[in-house]
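Just below is one structure, and these are the notes that go with it.
No value in this document is a laboratory result; all are computed from the given coordinates. Quick caveat, the model's predicted, so the values are computed rather than measured. In this analysis, Cβ positions are derived from the backbone assuming ideal geometry, glycine residues included, and neighbour counts consider all displayed protein chains.
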Amino acid sequence: MRISDSIYVVGSGQFGLSSRYDCHLYALRAPHGIVLFDAGSGLKHDRVLAHLHAEFDDLSRGAIIITHAHPDHICGTAALAAALHWPVYTSAQARAIIETGDEDACGLTATRAMGGYPADLRLPPCPVAATYPSDEPIDICGLSVTPIPVRGHSPDSYVFLCNLDGLRTLFSADVVFYGGVLGLINVDGSDLAGYRADLPKLADLGVEALLPAHGMFTLRFGQRHIDTAIAQLKKGFVPRMVGQGDLIL
Ligand SMILES: [Zn+2]
């Protein structure tokens, strides 16, 4: 599903593009290859591959960037990396989980036991090519991307800032959603203190395109959504959170 000149959604449970357990998988056309954000659950990775083949003529060069190590973002990493022969980039924290297939550390064991994921969902180990730095730009397939760590949804969550199609673009993962909704959830590692400490880093970025990993996205006035949550935190209030009706997962 093409959403701008360079940006596509090639997997999503909510949009019905792939497994219902998948986050949104954004793929973008960079100067020297395709950059894929997150890998989904892997339960229908064949659908993700089919969308990639349908949208892009040349998949010979690309990269997979993992935003954080939650099952709906990482369980498909090994399958997609093997099929595409693309390097995988993660944070240092996520690297240990993905390379060892640590189902406890990524929350899969606990969430699966609660019925949040199918009993047969696994995290196959996958080699990571390199870890990305914090708060400094890196070159991925010829595109300058700045990974920014923002704790709160999880300890290893990063968002990614870049310029695409003339738009200041933020891939906000599960950190902040449309409407200023935060990804604060009732699992180990998610905490409001992380948001208090780190979310203000996303003020004044001039974001136009806000591309979260669930729910609505927008190509215009993205900063307003981020600022709504930051303003609430500054006033001493708890911003809206996922699961409160704004964002049905
Ligand atoms: Zn998550």
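Quick notes on this structure:
- Based on the Stokes-Einstein relation at 20 °C and a viscosity of 1.002 mPa s, and on the Kirkwood radius from alpha carbon pairs, segment 1-146 is assigned a translational diffusion coefficient of 142 µm²/s.
- Residues in segment 73-94 that a label on His53 would reach, taking backbone N under 12 Å of a point 7 Å out along Cα→Cβ: 84
- Given +1 at the Cβ of Lys and Arg, -1 at the Cβ of Asp and Glu and no other charges, the dipole of the chain around its Cα centre is 520 debye to the nearest 20.
- Of the peptides 96-107, 204-215, the order by per-residue mean of other Cβ atoms within 10 Å, starting with the highest, comes out as 204-215, 96-107.
- Exposed loop sites here are trypsin sites (Lys or Arg not before Pro) assigned a DSSP state other than H, G, I, E or B and surrounded by at most 11 other beta carbons within 10 Å; excluding them, the longest clear run of the chain is 1-219.
- Relative contact order of segment 1-134: 19 percent, from C-alpha pairs under 8 Å at least 6 residues apart in sequence.
- Modelled this way, with points 7 Å down the Cα-to-C-beta line, the labels at Thr109 and Asp46 are 3.2 nm from one another.
- Electrostatic tally near Thr146: other residues with Cβ closer than 15 Å to its Cβ, Lys and Arg +1, Asp and Glu -1, net -3.
- Hypothetical label at Glu136: residues of segment 153-192 whose amide nitrogen lies under 19 Å (7 Å Cα-Cβ projection): 158-162
- Legend: P(r) of segment 180-249 from all alpha carbon pair distances, 10 Å bins from 0, whole percents, reading 19, 53, 27, 1.
- Using all pairs of distinct alpha-carbon atoms, the Kirkwood hydrodynamic radius of segment 93-146 works out to 13.1 angstrom.
- Over the chain: Kirkwood hydrodynamic radius from C-alpha pairwise inverse distances, Å: 17.7 Å
- Summed side-chain charge close to Gly101 - residues other than Gly101 whose Cβ falls under 15 Å, Lys, Arg +1, Asp, Glu -1: -2
- Over the chain, relative contact order from alpha-carbon pairs under 8 Å, at least 6 apart, %: 14 percent
- Segment 149-208-segment 60-139 distance, computed between alpha-carbon centres (Å): 18 Å
- Taking amide H positions as modeled 1.01 Å from N, with prolines and chain starts lacking one, the residues under 5 Å from Gly11 and 5 or more places away or on another chain are Leu25.
- The calculated P(r) of segment 103-249, using every Cα pair and 10 Å bins from 0, goes 11, 37, 35, 16, 1 in percent.
- Length-normalised contact order of segment 64-173 in % [C-alpha pairs under 8 Å, at least 6 apart]: 24 percent
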